Structure formats: C-alpha cells, structure tokens
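Okay, so here's the structure we're looking at.
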Amino acid sequence: MSESALGKSRSNPAKPSRPFRKRLRACAFVLDGGEITEYVPGDPDRGEMLRTGQYFWQDAGVTRAIRNTGTTKVQFAEIELK
C-alpha cells in the first residue's frame with residue numbers, strides 16, 4: 001500500500017527558506033506563482049518564474065533552499081509519495 005503526506009508552504013518576498021531535505025519524492029503544485037531562486041549545494045543557483053497551477057517533481061534526499069526573489073507571496077501544496 002502506498003503512503004503519502006500533504007503539506008503547504010509559502011515564501012514571502014525577500015525571505016530565504018532554511019535548507020531542507022525531502023525524505024520522500026514529492027510533487028509540488030503552485031498555488032500562488034511568482035519568482036524564486038532555488039539553491040542546491042554543488043549546483044548553480046536556479047532562478048524560476050512559477051505560474052499558478054504549475055507543478056514539478058522533487059527528488060528525495062536532495063538538500064535545497066529557496067528564496068522568493070519576486071514581489072509577491074509564493075505558495076505551494078506538496079504531496080510526498082512513498
């Protein structure tokens with residue numbers, strides 16, 4: 001049987017997140033779009049313009065942090081899959 005967990009997160013303008021690591025692979029759905037920069041140790045910083053309704057996969061075990069580099073709040077709903 002498969003297990004999952006649902007969570008919601010948001011990033012206010014100019015606020016960086018603490019580094020985090022997903023234990024399970026996850027799918028994130030953009031509830032409120034905006035501009036972010038994602039930081040993954042050892043990789044170049046990745047700027048992204050997110051649109052409301054967009055989704056993306058996050059691999060398990062990757063440490064990352066995000067910073068809202070836009071002027072509006074960005075919100076995600078995340079589902080972790082086992």
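Here are some notes:
- Least to most buried among Leu81, Leu31, Leu50 (fewest other Cβ within 10 Å first): Leu81, Leu31, Leu50
- Across the range 44-70, the residues whose backbone nitrogen lies under 20 Å from the label position 7 Å along the beta-carbon direction of Lys82 are 58-62.
- Using the Cβ-Cβ distance between Phe29 and Thr71 with R0 set to 25 Å, the FRET efficiency works out to roughly 0.70.
- Hz values of 3J(HN,Hα) by residue in the range 74-81 - Karplus curve (6.51, -1.76, 1.60), Gly and Pro given as x: 10, 10, 10, 10, 10, 10, 8, 10
- Over 14 Å [Cα-Cα, the chain], rounded percent: 63 percent
- Counting every other Cβ atom within 10 Å of each residue's Cβ, Asp32, Asp59 order from fewest to most as Asp59, Asp32.
- Residues Val30, Val74, arranged from fewest to most other Cβ atoms within 10 angstrom of their Cβ, appear as Val30, Val74.
Bear in mind these aren't lab numbers, they're just calculated from the coordinates by the rules spelled out. Worth saying up front: this structure is predicted, and the values here are computed from it rather than measured. Every residue, glycine as well, gets a Cβ built from its backbone with ideal geometry; the counts of neighbours run over all protein chains shown.
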